[in-house]
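What follows draws every value from the coordinates through simple rules; no lab data is involved. Given the structure is predicted, the values throughout are model-derived calculations rather than measurements. Every residue, glycine as well, gets a Cβ built from its backbone with ideal geometry; the counts of neighbours run over all protein chains shown.
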């Protein structure tokens, strides 16, 4: 059963300007593992914008309640390269209230736009 669906888009250029204007924003939005590729190189801004869109999509899939912490939804990369979602804290609590048992996540970025779609399954 689908509990919720969320989709979000982010303008990559606008997101990049926000990060340049407010460098501390990176630490408020992402956990360290989201910032770095497995080889130790920092992810590009388009990839980070897609991860930000995923966090917004998670909130929408959960009914957009207040009080969710950005870092309580973490986009991870599986061995196959497929993105997965790990939740904890405020996001996990809301998901449990709604009966979410599984997450499905898709990310993309092209032509200056990053997008994410999240399905919360119960």
Q: Report P(r) for segment 61-122: all Cα-Cα distances, bin width 5 Å, range 0 to the bin holding the largest distance, values in whole percent.
A: 4, 16, 26, 25, 17, 8, 4, 0
Q: For every helix of n ≥ 4 consecutive DSSP H residues, a contribution of -39,500 (n - 2.57) applies; sum these over the chain, divide by its total residues, and give [θ] at 222 nm rounded to the nearest 500 deg cm²/dmol.
A: -10500 deg cm²/dmol
Q: Would you mind classifying segment 3-46 by shape? Square roots of the alpha carbon gyration tensor eigenvalues, ordered a ≥ b ≥ c; an a/c under 1.5 is rounded, otherwise it is prolate if a/b is larger than b/c and oblate if not.
A: oblate
(Q) Can you give me the distance in nm between label points at residue 7 and residue 32, each placed 7 Å from the Cα along the Cα-to-Cβ direction? (A) 3.7
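If contacts are Cα pairs under 8 angstrom and at least 6 residues apart, what is the relative contact order of the chain in percent?
Normalised by residue count, the contact order of the chain is 39 percent.
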Q) Once you sort the root eigenvalues of the Cα gyration tensor of the chain as a ≥ b ≥ c, which label holds: rounded (a/c under 1.5), prolate (a/b larger than b/c) or oblate (the other case)? A) prolate
Q: Identify which of 70, 36, 103 has the largest mean-square fluctuation in a Gaussian network model of the chain, with springs joining Cα atoms closer than 10 Å.
A: 36
Q) Which residue fluctuates the most in the chain, going by a Gaussian network model with Cα springs under 10 Å, if the choices are 73, 111, 61? A) 111
Q. How long is the gain from residue 14 to residue 86 if the chain were fully straight, where each residue apart is worth 0.36 nm and the alpha carbon distance is subtracted?
A. 23.3 nm
Q.
I'd like the orientation of helix 89-98 relative to the chain: the angle between its Cα long axis and the longest Cα principal axis, in ° from 0 to 90, rounded to 10.
A. 40
Q. Which residue fluctuates the most in the chain, going by a Gaussian network model with Cα springs under 10 Å, if the choices are 11, 27, 110?
A. 110
